[in-house]
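Enquirer: Got a structure for you, written out below as structure tokens; questions coming shortly.
The values are calculated or read from the model by the stated rules, or taken from the named source; none is laboratory data. These numbers come from a predicted model, not from an experiment. All Cβ positions, even for glycine, are placed from backbone atoms using ideal geometry, and neighbour counts span all protein chains on display.
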Amino acid sequence: MALLEVKGLKAYYRQTEALHGIDFSLDEGSITTILGANGAGKTTTLRAICRMIRTEGEIRFDGQDITGLSTERVVSRGIAHVPEGRGTFVRQSVIENLQLGAYTRRNKAEIAADIERVYGYFPRLRERHAQQAGTLSGGEQQMLAIGRALMLRPKLMLLDEPSFGLAPLIVQEIYGIMARIRDAEGTSMLLVEQNANIALNLADHAYLLETGAVVMSGESAIIRDDENVRRSYLGY
Amino acid sequence: MDLFLQLTFAGLAIGSIYSCVALAVVMIYQATDHFNFAQGEMAMFSTFIAWTMLGLGLPIWVAFFLAVAISFVAGVLIERIVVRPVENAPVLNQIIVFIGLLVIFNSVAGWIWEYTIKPFPSLFPKSFGFETTLISAHNIGVIGLTLIVLAMVFAFFRFTRVGLAMRAAAANPDSARLVGISVGWMLALGWGLAAAIGAVGGVLVAPIVYLEPNMMSGVLLYGFAGALLGGVSSPGGAVLGGLVVGVLENWVGQYVPGGAELKLTFALVLIVGVLMFKPAGLFGRIVVKRV
Amino acid sequence: MTRPNPITPTLFFGFVAAVIFGAALPYFVTDFTTFQFTQAMIYGIALLGLNILTGYNGQFSIGHSAFYAVGAYTCAILLYHFEWSPYAAIPASALVTFVVGFLFGLPALRLEGLYLALATFALAVATPQLLKFDLFEHWTGGVQGLFILKPDALFSGWSTDQSLYYVTLGIMLALMIFAWTMLHSRSGRAIMAIRDNPIAASTMGVNLPLYKTVTFGISAMFTGIAGALFAIVTEFVSPDAFTFFVAVNLLIGSVVGGIVSIPGVIFGGLFLVFVPNYAQDIKLAYPWMPPPWAIFGTFLILIIYFAPFGVWGFLERASAWARRKLRS
């Protein structure tokens, strides 16, 4: 059964329709990526799932419709969103950022263990645990954002351009860790990227979005080999 | 020298009351970018509630705690019911709603309890077991109690899960929602806490200025001055700012000709002066950000 | 909302009708009612000043009672101590409040929205204390205030109340036309551009400091003229007539009429004079009712929730709606 199933999703910024009825689904334990140019509606899709904008259509998570829920309720169902721009709590320390990620959970021992687990993936965060998060580098803040999402013990992670603004080496490091997280925890991920190449390498499935509509979908390997995708998105 | 010390201690006492008001103002400002112009009148109303319970024969400390608790609940309700509809409205609309609240509290207090001044008893004993002419027992108690309250507030924000969530919701509401924090309730909680802290200030200042519906207008102005002087982005700064302003007020009142009659004007000058020359205040922080 | 009220045929004939109505009114009502309408127009003038500043220029003032006080006291002092004619004292008060407003506008330049609101709040709260201050007592009369006398009627056929009514009406009409002309000129567009987008306005060559301070001066001047008229018609000024609650009154009137409007100030003024009277009557008849101020506060909040554009904004919306209906 699909973990996330989206049908006829339309999304609006004020009166403007930004998504024109898209369908997609995501299987448990898999990584799906949504590709597309600037303004195609990738971020909007993630924001729609998290109930941060007005939408029409159906969004089913774990078999249940979540369109009537508030953002906080969606999050507590197990969807962790790593937002565009990373959403760092800049005035709070690194460890406080991680504690905030576990806000919906109560068991202190488990939370402490999960912080250790996050440090396992991102040793640099341990080194900087007492530092104000706003002083971290861009790559470190991205790690912190992913770590914060992990603290929810999510069933599904939504990742909005984790490669944005980062040096290629750091991007590789972060994608390597994302793969490790998938393998170790079986967390499903919905990944939005402009960097199609690296996203297709990690993902099992891909959807191609153009101006608010899905124009192509399929297994990553097949999408990657498509002539048009190669020319428009992969650049070779 | 004795006079100078007396003035300074009395200034610290009144200043710690300003600190309470300043902290209440800053808490709401940080969470919502509002100045709650009704903060003073809410504190006045809380004090009248305590006064009424005294009249019913309750011991003063019981009346005090009950008034603080009622104020907390009222603060939460006011945010949820009155402030929430203008959460995303233009700034001017929000300001006008606060002015409306100010007027309502002031006039309802006058309606229920009338505008005559009423003596209000001190929470503290006549003496703490030692004799000094430098500071009254009430003022010692004021400084002590405020310090305890402020320490509790800081511990709450620093060490508790909800305190952390409130800070997060204030600093970055979108991200806060994305970790499952109900930002709306955090704001309401902030209002509740601000109202409760204001109530402490009201009950402490009432024995000094007498209880009446307009008793807080000057205190609120000095609270604002303290908050601005310390930096509206810094709760700790606001507390220090309140203390500084309290001491300054007393010095100016004694040593500057006309200072005693123009205390409100002095607050006005402080407010405009700080806003013009040091808008971030003495302790306002600027975070180093890297991207 | 961005443009000042344009002249439509309806508006023009409405204006003419209102002027005729206003000119005829004293012949049909008692002197006391005339006096009340005079007060309403005085409020209207003060509101006009507030609207220019807050509604059109985007500088928030919740302390305009201070300028009202400056105007009233200047006029009263000139009448009491120097025995000036009121008709000379009013322009003098206008000049003084313009300067005071301009000077307050200088620090206001550095204060954004909320902070300016705070500074003007402090100004309004501090004003009565300043008026009571010992050193000025010789001039201001301290706590007692100053008593002055109403001027004689301009024409022998008029009572003093009727005469003051026409003086006020004339001044109000002149100031409304002045405000309308100013806001429709090139300067007016600059004033509103500053409200809507200060950065864009300054990149387009609008001299921000000059426009903001002069607008502050003009706004204070309007409110100061109203203050001077207030002193003359009530024959008395005292510190307690200029508390923060007067500033709140002005805010209520402005919101009721419509903050971004010129004609709306008339509705605001009428509201401020007549509604409190009715509220007081109701309170006397039904003592269990909450006091008028509590009702006003509630009313203020409700307007902001449901009709933040005020009476005039409502009329504009209604007429736009009617025109759309007629066309289709």
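Enquirer: Of B:Leu275, B:Leu243, B:Leu268, B:Leu229, which residue is at pLDDT below 95 and under 20 Å from B:Val209 (Cβ atoms)?
Expert: Of B:Leu275, B:Leu243, B:Leu268, B:Leu229, the one residue that is at pLDDT below 95 and under 20 Å from B:Val209 (Cβ atoms) is B:Leu268.
Enquirer: Could you tell me whether region B:170-193 includes any residue that is more than 30 Å from A:Pro83 (Cα to Cα) and in contact (Cβ under 8 Å) with a residue 24 or more places away in the chain?
Expert: The answer is yes; a qualifying residue exists.
Enquirer: Here's a follow-up. Within region C:176-189, can one find any residue that is within 23 Å of B:Ile95 (Cα to Cα), in a helix (DSSP H, G or I) and of a type in the set (A, V, I, L, M)?
Expert: Here is the first cut: in region C:176-189, the ones within 23 Å of B:Ile95 (Cα to Cα) are none.
No, region C:176-189 contains no residue that is within 23 Å of B:Ile95 (Cα to Cα), in a helix (DSSP H, G or I) and of a type in the set (A, V, I, L, M).
Enquirer: Still on this structure, please answer the following. Read through the list (1) touching a helix residue (DSSP H, G or I) at 6+ places or on another chain (Cβ under 6 Å); (2) within 9 Å of another protein chain (Cβ to nearest Cβ); (3) surrounded by fewer than 20 Cβ atoms within 10 Å (Cβ to Cβ), then give the number of the only condition that A:Gly134 fails.
Expert: For A:Gly134, the failing item is (1).
Enquirer: Would you confirm, using the coordinates I've provided, whether C:Ala66 is within 12 Å of chain B (Cβ to nearest Cβ) and among the small types (Gly, Ala, Ser)?
Expert: For C:Ala66, the condition - within 12 Å of chain B (Cβ to nearest Cβ) and among the small types (Gly, Ala, Ser) - is met.
Enquirer: Taking the options A:Gly68, A:Gly63, name whichever one is within 22 Å of A:Gly186 (Cα to Cα) and either surrounded by fewer than 15 Cβ atoms within 10 Å (Cβ to Cβ) or modelled with pLDDT of 95 or more (or both).
Expert: Exactly one residue qualifies, and that residue is A:Gly63.
Enquirer: State whether the residues of region A:140-157 include one that is of a type in the set (Val, Ile, Thr) and outside any helix (DSSP H, G or I).
Expert: No, because not a single residue in region A:140-157 is of a type in the set (Val, Ile, Thr) and outside any helix (DSSP H, G or I).
Enquirer: Might you let me know whether region C:286-296 holds any residue that is modelled with pLDDT under 85, over 19 Å from C:Thr54 (Cβ atoms), among the hydrophobic types (A, V, I, L, M, F, W, C) and surrounded by fewer than 12 Cβ atoms within 10 Å (Cβ to Cβ)?
Expert: Within region C:286-296, one or more residues are modelled with pLDDT under 85, over 19 Å from C:Thr54 (Cβ atoms), among the hydrophobic types (A, V, I, L, M, F, W, C) and surrounded by fewer than 12 Cβ atoms within 10 Å (Cβ to Cβ).
Enquirer: Being at pLDDT 90 or above and among the aliphatic types (A, V, I, L, M) is true for just one of C:Leu11, C:Leu25. Which residue is that?
Expert: C:Leu25
Enquirer: Would you check if C:Ile52 is within 19 Å of C:Pro198 (Cβ to Cβ), modelled with pLDDT of 95 or more and out of contact with any Cys (no Cβ under 8 Å at 6 or more places or on another chain)?
Expert: In short, yes.
Enquirer: Looking at (1) more than 7 Å from chain B (Cβ to nearest Cβ); (2) within 15 Å of the chain's Cα centre (by Cα), which is the only condition A:Ser93 fails?
Expert: Looking at each condition in turn, A:Ser93 falls short on (2).
Enquirer: Something else: Which of the residues spanning region B:237-287 are touching a Leu at 6+ places or on another chain (Cβ under 9 Å), surrounded by fewer than 18 Cβ atoms within 10 Å (Cβ to Cβ) and more than 14 Å from chain C (Cβ to nearest Cβ)?
Expert: B:Trp251, B:Gln254, B:Tyr255, B:Leu282, B:Phe283
Enquirer: Considering only residues that are more than 9 Å from chain A (Cβ to nearest Cβ) and closer than 15 Å to A:Ala102 by Cα, which ones fall in region B:160-188?
Expert: Within region B:160-188, B:Thr160, B:Val162, B:Gly163, B:Met166, B:Ala169 qualify.
Enquirer: Further question on the same structure: Inside region C:164-184, can you point out the residues that are surrounded by fewer than 20 Cβ atoms within 10 Å (Cβ to Cβ) and small (Gly, Ala, Ser)?
Expert: Within region C:164-184, C:Gly170, C:Ala174 qualify.
Enquirer: Could you check A:Asp114 against (1) facing another protein chain (nearest Cβ under 10 Å); (2) not in a strand (DSSP E or B) and say which number it fails?
Expert: (1)
Enquirer: From the set of residues in region A:179-197 that are free of Cβ contacts under 8 Å to residues at least 40 places away in the same chain and among the hydrophobic types (A, V, I, L, M, F, W, C), which is surrounded by the most Cβ atoms within 10 Å (Cβ to Cβ)?
Expert: My answer is A:Ala179.
Enquirer: Identify, by number, the condition in (1) more than 7 Å from chain B (Cβ to nearest Cβ); (2) surrounded by fewer than 24 Cβ atoms within 10 Å (Cβ to Cβ) that A:Pro83 doesn't meet.
Expert: Going through the list (1) more than 7 Å from chain B (Cβ to nearest Cβ); (2) surrounded by fewer than 24 Cβ atoms within 10 Å (Cβ to Cβ), A:Pro83 breaks only (1).
Enquirer: Ok, one more. Any idea which of C:Phe15, C:Phe37 is within 25 Å of C:Pro276 (Cβ to Cβ) and out of contact with any strand residue (DSSP E or B) (no Cβ under 9 Å at 6 or more places or on another chain)?
Expert: Testing whether each residue is within 25 Å of C:Pro276 (Cβ to Cβ) and out of contact with any strand residue (DSSP E or B) (no Cβ under 9 Å at 6 or more places or on another chain) leaves just C:Phe37.
Enquirer: If you check B:Asn88, B:Asn106, B:Asn36, B:Asn93, which single one turns out to be surrounded by fewer than 24 Cβ atoms within 10 Å (Cβ to Cβ), within 14 Å of chain C (Cβ to nearest Cβ) and either within 17 Å of B:Ile197 (Cβ to Cβ) or in contact with a helix residue (DSSP H, G or I) (Cβ under 7 Å, 6 or more places away or on another chain) (or both)?
Expert: None of the other options fit; the residue is B:Asn93.
Enquirer: If you don't mind, another one. Which residue is farthest from the chain's Cα centre (by Cα), if the candidates are limited to region B:181-230 and must be crowded, with 24+ Cβ neighbours inside 10 Å and not in a helix (DSSP H, G or I)?
Expert: Step by step, filter region B:181-230, then rank; the result is B:Ile181.
Enquirer: If the requirement is being among the aliphatic types (A, V, I, L, M) and in contact with a strand residue (DSSP E or B) (Cβ under 8 Å, 6 or more places away or on another chain), which of these qualifies: C:Ala318, C:Ala231?
Expert: Unique residue meeting the criteria: C:Ala231.
Enquirer: Please determine whether any residue of region C:314-324 is assigned to a helix (DSSP H, G or I) and within 14 Å of chain B (Cβ to nearest Cβ).
Expert: Looking through region C:314-324, none of the residues is assigned to a helix (DSSP H, G or I) and within 14 Å of chain B (Cβ to nearest Cβ).
Enquirer: Count, please, the residues in region B:9-60 that happen to be under 26 Å from B:Leu134 (Cβ atoms) and aromatic (Phe, Trp, Tyr). Steps first, please.
Expert: Step one: list which residues in region B:9-60 are under 26 Å from B:Leu134 (Cβ atoms), which gives B:9-22, B:60.
Within this subset, residues satisfying the condition of being aromatic (Phe, Trp, Tyr) are B:9, B:18.
Number satisfying all stated conditions: 2.
Enquirer: C:Leu123 - would you say it is within 9 Å of chain B (Cβ to nearest Cβ) and under 19 Å from the mean Cα position of the chain (by Cα)?
Expert: yes
For every residue, the table says whether it meets (1) hydroxyl-bearing (Ser, Thr, Tyr); (2) within 21 Å of C:Leu118 (Cβ to Cβ).
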{"position": "C:Thr38", "(1), (2)": "yes, no"}
{"position": "C:Leu48", "(1), (2)": "no, no"}
{"position": "C:Gly55", "(1), (2)": "no, yes"}
{"position": "C:Phe60", "(1), (2)": "no, yes"}
{"position": "C:Cys75", "(1), (2)": "no, no"}
{"position": "C:Pro91", "(1), (2)": "no, no"}
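Enquirer: While we're here: So, in region A:60-87, exactly how many residues are more than 24 Å from A:Gln194 (Cα to Cα) and outside any loop (DSSP other than H, G, I, E, B)?
Expert: Total meeting the criteria: 10.
Enquirer: Here's another thing I want to ask about it. Among the residues of region C:174-192, how many are within 16 Å of C:Leu109 (Cβ to Cβ) and without any contact (Cβ under 8 Å) to a residue 60 or more places away in the chain?
Expert: Final tally of qualifying residues: 1.
Enquirer: Are there any pairs, at least 6 apart or on different chains, whose C-beta atoms fall under 8 Å, with the first in region C:291-304 and small (Gly, Ala, Ser) and the second surrounded by fewer than 19 Cβ atoms within 10 Å (Cβ to Cβ), and if so, which?
Expert: C:Ala294/B:Trp111
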